[in-house]
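Q: Following this message is one structure expressed as structure tokens.
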Amino acid sequence: MTSRERVLAALSHRAPDRVPMDFGSTGVTGMHASCVAALRDYCGLERRPVKVHEPYQMLGLIEDDLQCCLGLDVEGVFPRKTMFGFANHDWKPWRMPDGLEVLVSRDFRFTTDNGDILMYPEGDLAAPPSGRMPRDGYFFDTIVRQDPIDDGRLDPEDNLEEFQPITEEDIEYFRREVHRAEATGRAVLANFGGTAFGDIALVPAPFLKRPRGIRDVAEWYMSTSSRRDYIHRIFQRQSEIALANLARIHDAVGDAVDAVFLCGTDFGTQTSTFCSVATFRELYFPYYRKLNDWIHRNTRWKCFKHSCGSVERLVPSFIEGGFDILNPVQCSAAAMGPAHLKETYGDRLTFWGGGVDTQLTLPFGSPGEVRREVLARCEIFSRSGGFVFNSIHNVQARTPVENIIAMMDAVREFNGVPQHV
């Protein structure tokens, strides 16, 4: 099978010739730039700085030569602008706090504060900073910029500033990017933006210079209960804009896209969910269902849902709401055992992730422990398709390259493919 055929078989719950693998196609299935650099060295590829294509999490671009070396099957299409509101263009060198030289966008502009690195929306140093990388850190945390809230003046339009009709520039960008991705022969997973409801990484709007509305994380969570009508009004208008945008995007790119990243809203903690099933179904479900139903009626795209944590009790609602794919499949969280998930939901849901734990096993285990966990997960999740191998969320900085290689080699071992990395 080709890479695309392999992924499509898995998404159709047919057994592919081997387990397909994804690293780097989304902002939740990638690798820290330092890990990408280490892999390039390990594989003996041309020595050049890694491009940081997602500066918020400092994710490194996995270019074609490394994708081929690793045997990856999925190509990503990202929004034109990053989480800090600027596009990746005119790459320039930048030295990370640990000394690694990488490439960043021309608009990656920062100041320092007692050793911390402050990032600015749209690269505008005149705006309040929206991100902070601690002096000993490896990625950015959002700086919450919340004006005092006057409930009498709250306007849902303030929380809709980032959700607007798509521009011709973005349409043309997606047309070019999808064409580029399709030409690789890999499956295409696209993130068109604007379709996540209440994603707490997006609510503080690190990409806006002076965000209005409810932008504090704690205040937003409380508002889902105390200001639920306000949240409904945001979601209703957001869904209308998103549907119109998706129609225009589909007209431009058609079914060259195989799956679409719709939502990164996290609903789980290590032990439970952020909200009850009833709250999920009343507040979030109708809007997910609206978008997913349109996609299934009008396209061949599969719908990708990311949610960390213990979300097993929400999985039936995810499925009923039209999601085809669940990521990152956090098997270490309560009630998220691999065998239970596969047996209960495996005929209706593709598990995109779950391949190895990134909290303990991959960063802190031995290569042997990594191998054993990967082989066990592949054995469970790959039965009758419905599985794309990925770690549980991004591979984090300081993960030993020997463990990353052990992970890749274990997938090859399971697939009966020579281990040439």
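Q: Hey, can you tell me all the residues within segment 226-253 that are surrounded by fewer than 21 Cβ atoms within 10 Å (Cβ to Cβ), touching a Leu at 6+ places or on another chain (Cβ under 9 Å) and over 13 Å from Pro156 (Cβ atoms)?
A: Scanning segment 226-253 gives a single hit, Leu243.
Q: Six or more apart or on different chains, Cβ atoms under 6 Å: show the pairs whose first residue is in segment 203-228 and at negative phi and whose second is open to solvent by 50 Å² or more (accessible area, probe 1.4 Å).
A: Pro204/Val144; Arg215/Gln146; Asp216/Val144; Asp216/Gln146
Q: Related question: Since Pro134 meets every condition but one in (1) touching a residue at least 40 places away in the same chain (Cβ under 8 Å); (2) touching a strand residue (DSSP E or B) at 6+ places or on another chain (Cβ under 6 Å), which condition does it not meet?
A: Going through the list (1) touching a residue at least 40 places away in the same chain (Cβ under 8 Å); (2) touching a strand residue (DSSP E or B) at 6+ places or on another chain (Cβ under 6 Å), Pro134 breaks only (1).
Q: Considering only segment 393-404, state which residues are part of a loop (DSSP other than H, G, I, E, B) and open to solvent by 10 Å² or more (accessible area, probe 1.4 Å).
A: His393, Gln396, Ala397, Arg398, Thr399, Pro400
Q: Of the conditions (1) assigned to a loop (DSSP other than H, G, I, E, B); (2) buried (at least 16 other Cβ atoms within 10 Å of the Cβ); (3) more than 21 Å from the chain's Cα centre (by Cα), Arg135 satisfies every one except a single condition; which number is it?
A: (2)
Q: Looking only at segment 79-106, count every residue that is part of a strand (DSSP E or B) and either on the phi > 0 side of the Ramachandran plot or touching a helix residue (DSSP H, G or I) at 6+ places or on another chain (Cβ under 6 Å) (or both) and tell me the total. First the steps, then the outcome.
A: Of all residues in segment 79-106, those part of a strand (DSSP E or B) come to 81, 87, 92-95, 101-104.
Now restrict to residues that are either on the phi > 0 side of the Ramachandran plot or touching a helix residue (DSSP H, G or I) at 6+ places or on another chain (Cβ under 6 Å) (or both): 102.
So the count comes out to 1.
Q: Looking at Glu5, Glu46 in this structure, which one is without any contact (Cβ under 8 Å) to a residue 40 or more places away in the chain, open to solvent by 30 Å² or more (accessible area, probe 1.4 Å), of a type in the set (D, E, K, R) and over 29 Å from Asp90 (Cβ atoms)? Show your work before the answer.
A: On the way: Glu46 fails: over 29 Å from Asp90 (Cβ atoms).
Every option except Glu5 fails the conditions.
Q: Residue pairs, Cβ under 7 Å, 6 or more apart or interchain, first in segment 312-323 and in contact (Cβ under 8 Å) with a residue 12 or more places away in the chain, second open to solvent by 10 Å² or more (accessible area, probe 1.4 Å) and among the β-branched types (Val, Ile, Thr). List them.
A: Arg313/Thr273; Arg313/Val277; Leu314/Thr273; Leu314/Val277; Ser317/Val277
Q: Filter segment 159-193 down to the residues that are assigned to a helix (DSSP H, G or I) and in contact with a helix residue (DSSP H, G or I) (Cβ under 9 Å, 6 or more places away or on another chain) and list them by number. Outline the logic, then answer.
A: Step one: filter segment 159-193 for residues assigned to a helix (DSSP H, G or I), giving 159-160, 168-183.
Answer for segment 159-193, where residues must be assigned to a helix (DSSP H, G or I) and in contact with a helix residue (DSSP H, G or I) (Cβ under 9 Å, 6 or more places away or on another chain): Asn159, Leu160, Asp170, Ile171, Glu172, Phe174, Arg175, Glu177, Val178, His179, Ala181, Glu182.
Q: Considering (1) open to solvent by 30 Å² or more (accessible area, probe 1.4 Å); (2) under 16 Å from Arg109 (Cα atoms); (3) not in a loop (DSSP other than H, G, I, E, B); (4) not basic (Lys, Arg), say which one Val52 fails and leave the rest.
A: Tallying (1) open to solvent by 30 Å² or more (accessible area, probe 1.4 Å); (2) under 16 Å from Arg109 (Cα atoms); (3) not in a loop (DSSP other than H, G, I, E, B); (4) not basic (Lys, Arg), Val52 fails exactly one: (1).
Q: For segment 159-211, how many residues meet the condition of being open to solvent by less than 30 Å² (accessible area, probe 1.4 Å), among the charged types (D, E, K, R) and more than 18 Å from Lys302 (Cβ to Cβ)?
A: 1
Q: Restricting to segment 212-225, and then to whatever is in a helix (DSSP H, G or I) and of a type outside the set (Val, Ile, Thr), can you tell me which residue is surrounded by the fewest Cβ atoms within 10 Å (Cβ to Cβ)?
A: Narrowing segment 212-225 to residues in a helix (DSSP H, G or I): 217-225.
Those left that are additionally of a type outside the set (Val, Ile, Thr): 218-223, 225.
Values: Ala218: 9, Glu219: 16, Trp220: 20, Tyr221: 16, Met222: 12, Ser223: 21, Ser225: 11.
Once the filter is applied, the top-ranked residue is Ala218.
Q: So, one more: Within segment 309-350, which residues are out of contact with any Ser or Thr (no Cβ under 6 Å at 6 or more places or on another chain) and closer than 14 Å to Val28 by Cα?
A: If the condition is that a residue be out of contact with any Ser or Thr (no Cβ under 6 Å at 6 or more places or on another chain) and closer than 14 Å to Val28 by Cα, then Leu326, Asn327, Pro328, Val329, Gln330 are the ones that fit.
Q: Condition first: acidic (Asp, Glu), open to solvent by less than 30 Å² (accessible area, probe 1.4 Å) and under 24 Å from the mean Cα position of the chain (by Cα). Can you find one or more residues in segment 364-386 that meet it?
A: Let us first name the residues in segment 364-386 that are acidic (Asp, Glu), namely 369, 373, 379.
Narrowing the set further to residues that are open to solvent by less than 30 Å² (accessible area, probe 1.4 Å) leaves none.
No, because not a single residue in segment 364-386 is acidic (Asp, Glu), open to solvent by less than 30 Å² (accessible area, probe 1.4 Å) and under 24 Å from the mean Cα position of the chain (by Cα).
Q: Kindly provide the set of residues from segment 338-364 that are touching a residue at least 12 places away in the same chain (Cβ under 8 Å) and aromatic (Phe, Trp, Tyr), ordered by number.
A: Tyr345, Phe351, Trp352
Q: Of everything in segment 107-123, what is small (Gly, Ala, Ser) and either touching a helix residue (DSSP H, G or I) at 6+ places or on another chain (Cβ under 8 Å) or farther than 13 Å from Arg135 by Cβ (or both)? Give them in sequence order. I'd like the intermediate steps shown before the answer.
A: Initially, segment 107-123 is screened for residues small (Gly, Ala, Ser), giving 115, 123.
The answer is Gly123, and nothing else.
Q: Quick one: in segment 81-109, of everything that is open to solvent by 70 Å² or more (accessible area, probe 1.4 Å) and touching a Pro at 6+ places or on another chain (Cβ under 8 Å), which residue is nearest to Arg180 (Cα to Cα)? Quick ask: steps written out before the conclusion?
A: Here is the first cut: in segment 81-109, the ones open to solvent by 70 Å² or more (accessible area, probe 1.4 Å) are 81, 90-91, 93, 95, 98, 101, 106, 109.
Checking the rest, the ones that are also touching a Pro at 6+ places or on another chain (Cβ under 8 Å) come to 93, 101.
Values: Pro93: 25, Glu101: 27 Å.
Per the criteria, the residue is Pro93.
Q: Using beta carbons and a limit of 7 Å, which pairs, at least six apart or on different chains, have the first residue in segment 272-284 and without any contact (Cβ under 8 Å) to a residue 60 or more places away in the chain and closer than 16 Å to Ile234 by Cα and the second one in a loop (DSSP other than H, G, I, E, B) and of a type outside the set (Val, Ile, Thr)?
A: Every condition considered, the pairs that remain are Phe280/Phe267.
Q: Another one. Filter segment 58-80 down to the residues that are over 15 Å from the mean Cα position of the chain (by Cα) and open to solvent by less than 40 Å² (accessible area, probe 1.4 Å) and list them by number.
A: Leu66, Gln67, Cys69, Leu70, Gly71, Leu72, Asp73
Q: List the residue pairs whose Cβ atoms are under 6 Å apart, where the first residue sits in segment 365-378 and is under 21 Å from Lys342 (Cβ atoms), the second is open to solvent by 30 Å² or more (accessible area, probe 1.4 Å) and in a helix (DSSP H, G or I), and the two are 6 or more positions apart or on different chains.
A: Leu375/Phe414; Cys378/Phe414
The values are calculated or read from the model by the stated rules, or taken from the named source; none is laboratory data. Note that the coordinates shown come from a computational prediction; the quantities given were computed from them, not determined experimentally. Cβ: placed from backbone, ideal geometry, glycine included. Neighbour counts: every protein chain shown. Keep in mind that these areas ignore ligands, DNA and RNA; they rest on the heavy atoms of the full protein, side chains included. Shrake-Rupley method; radii C 1.70, N 1.55, O 1.52, S 1.80 Å.
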